[in-house]
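Asker: If you scroll down you'll find the structure; I have some questions about it.
The values are calculated or read from the model by the stated rules, or taken from the named source; none is laboratory data. Keep in mind it's a predicted model, so treat the numbers as computed, not measured. Every residue, glycine among them, receives a Cβ derived from its backbone with ideal geometry; neighbour counts consider all protein chains shown.
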């Protein structure tokens, strides 16, 4: 018998060598055909008397990327279609459909013959669950193996036995953390956690698996034998009562109970550990099917899996321009941002010319890379050789002539038009004609900066986030005259450094900065409303934001916020409506010189790593009202609604054109409540009609800044969704037509 | 509706709830049997007349498991016709047992009932009976589970009680309890625990530290700080009460209730049964109530249940002469006094569980007896007894002398 995705050869010793190697794919994934194959393979191994045991290996450089999530999307569509007519039938369909892998893995586990997984590289999600279902695992030595159950990151959880097997193999605390955080393990860490049995050189991986089989691998799992004991004992034991109350509390601390996937893990583990394996798997499947139906999972799969992949692949790249091979880039300004950009670029194997006023400043910028890569070496994430190569790629200098052969130059100097003009001219004087010039400005409109350029077609914005090595988003800004070649170069570069791009049109604050400022502003408005400061901060986090708005204001710097407000006020002149926000900022910045984190005092007092809210806030804002005067739910909503509304406005202004970019950008750029799927998914999730209604309610209650824009009012009439009106496929076709 | 009358009340002294505590050698069943025997003997009661024995017990497991009340009936040598039932509403179990017995009498179904409670914390251990509340996510999450000490600290933080406030309260509880013992205020109800030969094992509450003052309390470290931070419970508290930036941990062993062993029993019946047995009624159980309260604060249920009870009994605060609220933690009493603006002179006048200890399932009936003795001593009429309860509940009972 042959299989579509696997080969199976039985050697002279009766060992079945199963090699997973899907045609036409760079990485193995679990789809329906793989499930069919695995199902048949397990039967064959079990029934064929000549076979004594089996090794599962990959024919690719990696083991497998895990399950194809689009498979689940199809299942969900079927479920939703049937649900109104036959709710229980639909529930059954989803339950059965989503646990097929569970049953195949369980059949493998109990087939009576030992399977050994030979893990040669990346092994994600369902593939890790396959490995755990096997009777032993050997992983390749070195850093090739990356083992994880990352389902939690897209709002799901490991639903093919992962929650049950991990918690029966690993210690409770690292096991639960592994499940809840979706963290990636190296081969060594996986072995330390007892998720892998042996480590062998890559070349001897299969031989080791065969040796293990010959030495004897028990085909009956410990938990299928009488007298099995959980690594940390039963839940209803003193140890269990040490562990579980804290596990529940820490879950709440980390998630604010916003993530059904994480809650599903907790509940599956709690209930499953009290049951024999078959029933435990049934319970896990029940919760998995339940989480699968949640709006959070749907939104997260769409934004953080599907859309992010599409954007990473270059969904917005002009197709007719051939890919750029980027060999060398120039970076103007070796400050914190410039130095960070140099690091990620050199890490991607691209040469960097790092320029600053003088050699000393440029050297200091390079030292940043030294620090980062040295830390990586220390932690075993990079080798001494990697470090040497990376640092050799960065040339710190004050000499602009070295830019002559750069494909791309990124300017990251101080946010000052005059300085930016000077460096633009100096760079263009030596750049080759086809080179692209990008500014990393976060506030100044690109079109106006491009006025300093002789070739505005080649002038573009590439806005990095801080810290550059950690933040995965890059915002590309199209100036009025920016050409397609510049866009293609920017996207090719971002792909090379393995970050996620969004492309927006020029305006003040672009997309991310503009929206995140509304979050800070809403926090200040709440202060003016008399909401206690701690309540503002906590509600911000409980709404799903990574930090409270006042804390963020302190990080951004209040004097900067005051400058922006003052500038807007000057620009608008008599049309500017002064509000309580101006008074608070003016009082904080002008009268009390509380600028934020940078001078150790803002809305918080800073003491080294510790910070606490400044007790003088009521002196500035007036005495707060009692907490009972406010609804926590409404405060949380105000934060999310305000940001989503601003996003809708940016859409109407056509600064944003792609719903995927709005959503992915909001999550990766400023941490907008990931469980919502992003700013636009937040609106769609509620429905434009309900969202607009909520905006109107807030307008009456909290002020005109909540007034819904025209686009929203139009869409609300038919409750039209953004993902319908601005469907990504439709968008692409329109662009092609245009 | 029949009146539920209180004829008598006895309790054991409270033994330190550790292995070196005097009552550690005494099985829980024997503790309970002891108070049943005493209430029978000093009232020359024909136990065949008793319709039920209702005992509160919070960790009814091991020797206190099954039905400890029926077990105690045998151990005490009551007539075999006397049934027994064990009930559990955590810390209010002893008071709920009284209310349960009173309800049987008031409804006319039973004539004479013994109600009380028992807890051998030294032998069985607090929390030994387990339960889903702290561990099962579907319960722990919606109930904002946290250890009670963290909730007590949350109450202190939310309602503005400082470390000095709670310590001062604790020192005063010790002073009042010592004074009450010295003056013999407890002598009518406390019955010594004796061995099989009549030798006294314990005749005085042994958890008390009358020498306690602000200085000695100040030397104690807050007990729940580490747990709050490392166990994630501070975050749970703050998510339930987001107007708070940080939790102020102020409670420690010296201003929290003591872990002790003990048992209590109250003889309740209707007028006819009392006459038949030749008993003189001392008080009437006028009204009682139960409530579920905000679970993160957990221990503010006495405030809510007092409001509910006063409304249902059509009474006001001024009708109550003495208040007895279990001193689970100092902040619980301080919040109760603050909520109703009560004069400290009429609340827990003879100290409470901070000084005397809190034998979980027995406490409710003990403090009801204590305040009844005090009403008589002061010749006052009405008292309200209440306890805070795990998972956010409150039980309260109003008694008035007859």
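Asker: Against the definition (touching a residue at least 12 places away in the same chain (Cβ under 8 Å) and either closer than 28 Å to residue A:72 by Cα or assigned to a helix (DSSP H, G or I) (or both)), how does residue A:217 come out, yes or no?
Answerer: No, not satisfied.
Asker: Let me ask another. Over 23 Å from the mean Cα position of the chain (by Cα) and either touching a residue at least 12 places away in the same chain (Cβ under 8 Å) or more than 13 Å from chain A (Cβ to nearest Cβ) (or both): does that describe residue B:164?
Answerer: yes
Asker: Determine whether residue A:454 is surrounded by fewer than 24 Cβ atoms within 10 Å (Cβ to Cβ) and not in a helix (DSSP H, G or I).
Answerer: Yes.
Asker: Restricting attention to the stretch A:190-213, which residues are on the phi < 0 side of the Ramachandran plot and out of contact with any strand residue (DSSP E or B) (no Cβ under 8 Å at 6 or more places or on another chain)?
Answerer: Hits for the stretch A:190-213 are A:192, A:203, A:204, A:211.
Asker: Which of (1) surrounded by fewer than 17 Cβ atoms within 10 Å (Cβ to Cβ); (2) farther than 30 Å from residue B:51 by Cβ; (3) more than 17 Å from the chain's Cα centre (by Cα) does residue B:178 not meet, given it meets every other one?
Answerer: Here residue B:178 meets the rest and fails (1).
Asker: Moving to a separate point now. Identify the single condition in (1) within 14 Å of chain A (Cβ to nearest Cβ); (2) free of Cβ contacts under 8 Å to residues at least 40 places away in the same chain; (3) outside any loop (DSSP other than H, G, I, E, B) that residue B:182 does not satisfy, given that it satisfies every other one.
Answerer: Among (1) within 14 Å of chain A (Cβ to nearest Cβ); (2) free of Cβ contacts under 8 Å to residues at least 40 places away in the same chain; (3) outside any loop (DSSP other than H, G, I, E, B), the lone unmet condition for residue B:182 is (1).
Asker: Another question, then. Give all pairs with beta carbons closer than 6 Å in which a residue from the stretch B:117-132 that is farther than 26 Å from residue B:99 by Cα meets a residue that is buried (at least 22 other Cβ atoms within 10 Å of the Cβ); count only pairs at least 6 apart in sequence or on separate chains.
Answerer: B:122/B:17; B:122/B:21; B:122/B:261
Asker: Do you know which of the residues in the stretch B:214-233 that are part of a helix (DSSP H, G or I) and at the interface with chain A (Cβ under 8 Å from one of its Cβ atoms) is nearest to residue B:167 (Cα to Cα)? Let's see the steps before the verdict.
Answerer: Taking the stretch B:214-233 and keeping what is part of a helix (DSSP H, G or I), we get B:214-218, B:225-230, B:233.
Imposing the further condition that a residue be at the interface with chain A (Cβ under 8 Å from one of its Cβ atoms) reduces the set to B:230, B:233.
On the way: B:230: 25, B:233: 23 Å.
Here the answer is B:233.
Asker: Determine whether the stretch B:277-292 contains at least one residue that is closer than 30 Å to residue B:46 by Cα and in a helix (DSSP H, G or I).
Answerer: Looking through the stretch B:277-292, at least one residue is closer than 30 Å to residue B:46 by Cα and in a helix (DSSP H, G or I).
Asker: Kindly indicate the residue of the stretch A:294-316 that is surrounded by 18 or more Cβ atoms within 10 Å (Cβ to Cβ) and not in a helix (DSSP H, G or I) and also modelled with the highest pLDDT among those meeting that condition.
Answerer: Per the criteria, the residue is A:294.
Asker: Do we have any residue at all in the stretch A:397-414 that's more than 25 Å from residue A:453 (Cβ to Cβ) and either in a strand (DSSP E or B) or within 27 Å of the chain's Cα centre (by Cα) (or both)?
Answerer: So in the stretch A:397-414, the residues more than 25 Å from residue A:453 (Cβ to Cβ) come out as none.
No, there is no match, as no residue in the stretch A:397-414 is more than 25 Å from residue A:453 (Cβ to Cβ) and either in a strand (DSSP E or B) or within 27 Å of the chain's Cα centre (by Cα) (or both).
Asker: Against the condition crowded, with 22+ Cβ neighbours inside 10 Å, touching a helix residue (DSSP H, G or I) at 6+ places or on another chain (Cβ under 6 Å) and more than 24 Å from residue A:155 (Cα to Cα), how does residue A:53 come out, does it pass?
Answerer: Yes.
Asker: Can you report the number of residues in the stretch A:74-122 which are exposed (fewer than 15 other Cβ atoms within 10 Å of the Cβ) and in a helix (DSSP H, G or I)?
Answerer: 10
Asker: Which of the residues spanning the stretch B:242-290 are surrounded by fewer than 19 Cβ atoms within 10 Å (Cβ to Cβ) and within 14 Å of chain A (Cβ to nearest Cβ)?
Answerer: B:245, B:246, B:248
Asker: Given the conditions (1) in contact with a strand residue (DSSP E or B) (Cβ under 7 Å, 6 or more places away or on another chain); (2) modelled with pLDDT under 95, which single one is not true for residue A:437?
Answerer: (2)
Asker: Could you look through the stretch B:297-323, keep only residues that are part of a loop (DSSP other than H, G, I, E, B) and free of Cβ contacts under 8 Å to residues at least 24 places away in the same chain, and pick out the one that is farthest from residue B:336 (Cα to Cα)?
Answerer: Checked the stretch B:297-323; the qualifying residue farthest from residue B:336 (Cα to Cα) is B:314.
Asker: Ok, one more. From the residues in the stretch A:237-265 that are within 7 Å of chain B (Cβ to nearest Cβ) and in contact (Cβ under 8 Å) with a residue 12 or more places away in the chain, which one is farthest from residue A:154 (Cα to Cα)?
Answerer: A:244
Asker: For residues in the stretch A:266-275 being in contact (Cβ under 8 Å) with a residue 24 or more places away in the chain and in a loop (DSSP other than H, G, I, E, B), which is surrounded by the fewest Cβ atoms within 10 Å (Cβ to Cβ)?
Answerer: Taking the candidates together, the pick is A:274.
Asker: Where in the stretch A:511-622 are the helices (runs of 4 or more DSSP H), entirely inside, with at least 1 residues that are surrounded by fewer than 19 Cβ atoms within 10 Å (Cβ to Cβ) and on the phi < 0 side of the Ramachandran plot?
Answerer: On the way: elements: A:512-529, A:533-542, A:549-556, A:558-572, A:580-586, A:617-621.
It comes to A:512-529, A:549-556, A:558-572, A:580-586, A:617-621.
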